[in-house]
Amino acid sequence: MRRGFDLSVYLITDSGLSVFGVLETVRMALAGGATMVQLRDPDAKTRPLVEEARAILALTREAGVPFLVNDRVDVALAVGADGVHVGQSDMLVKDVRALIGPEPIVGLSITSEADLAGSDFTGVDYLGVGPVFATSTKPDAAPPISAGGLEAIAAQTTIPIVAIGGLHAGNAADAITAGASGVAVVSAICAAPDPEAATRELVDVVEAARKASS
C-alpha cells in the first residue's frame with residue numbers, strides 16, 4: 001500500500017539559495033513543520049547527489065516526513081527515497097513506476113490546462129501545478145498561470161494538487177482557496193533568514209486558509 005503524504009508545506013531544496021546550506025535548511029524546515037521535502041539539484045554530479053540525498057533522508061525519516069528526489073530515479077532508488085517528482089520533459093510516469101514499483105510516491109508537474117489534457121495520470125499521486133506566480137528560482141519556468149489558472153486546473157482533476165511558483169506566506173492562502181492541497185516553496189524557506197520560522201508561518205497560513213475554505 002502506498003504511503004500517505006501531506007502536501008501542506010512542501011520544501012524543494014536549492015543549494016544556491018540556501019543561506020545555511022541544504023542540510024541545515026532541511027533540518028530547520030522540518031522543525032518548523034514542513035510536511036514533505038524534495039531534493040532538486042539538476043547540476044549535481046551523481047555521487048555527491050546520492051550522498052546528499054542519503055543525508056536528507058536520515059533527517060526526514062527521523063521527522064516522519066516523506067522525501068522525494070526530483071527527476072533522478074536512479075538516485076531515489078539508490079538511497080531508498082519515498083518517491084520521485086518528474087516534469088513534462090522527464091521520464092514518463094509509467095516508466096518511473098516500472099522502475100520504482102507501486103509503493104513510492106510519484107508527483108508530476110503540470111504547467112497549463114494543455115498539460116492536464118495531454119498527460120497520462122496513471123500512477124500519479126499528486127500534481128505540482130504552476131508556476132502560479134512569477135518565480136526567479138527556475139529560469140526556464142513556464143509563464144505564470146495565476147490563482148485563476150490554478151483554480152481552473154483544480155476543477156478538472158481529483159488528483160491532489162500542490163501549488164508551486166512564487167509562493168510565500170503573503171500569497172499561499174490564495175493557492176489553497178483556489179483548490180490546492182498545499183504549497184511547494186523554494187526561496188520562501190531556503191533564502192529566509194530563519195527557515196524554521198518561515199516554515200512555521202507558512203504552515204499557519206495554509207491551515208488558516210484551509211479552515212476558511214471548508
*Only residues that are over 20 Å from residue 111 (Cβ atoms) and either surrounded by fewer than 16 Cβ atoms within 10 Å (Cβ to Cβ) or of a type in the set (D, E, K, R) (or both): list them for the range 56-76, please.*
58, 61, 62, 64, 72, 74
*Can you find a residue in the range 77-87 that is surrounded by fewer than 20 Cβ atoms within 10 Å (Cβ to Cβ), under 24 Å from residue 112 (Cβ atoms), in contact with a Ser or Thr (Cβ under 6 Å, 6 or more places away or on another chain) and not β-branched (Val, Ile, Thr)?*
yes
*Failed item in (1) modelled with pLDDT of 95 or more; (2) surrounded by 15 or more Cβ atoms within 10 Å (Cβ to Cβ); (3) among the polar types (S, T, N, Q); (4) farther than 20 Å from residue 109 by Cβ, with residue 46 passing the rest*: (2)
*Would you check which residues across the range 28-43 are surrounded by 19 or more Cβ atoms within 10 Å (Cβ to Cβ) and part of a helix (DSSP H, G or I) and list them?*
28, 29, 30, 32
*Taking the range 88-115 as the region of interest, how many residues are over 25 Å from residue 132 (Cβ atoms) and surrounded by 16 or more Cβ atoms within 10 Å (Cβ to Cβ)?*
3
*Single unsatisfied condition, residue 118 versus (1) surrounded by 15 or more Cβ atoms within 10 Å (Cβ to Cβ); (2) modelled with pLDDT under 95*: (1)
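The values are calculated or read from the model by the stated rules, or taken from the named source; none is laboratory data. The shown structure was predicted, so the numbers you read here are calculated from the model rather than taken from an experiment. We place every Cβ from the backbone using ideal geometry, glycine too, and count neighbours over all the protein chains shown.
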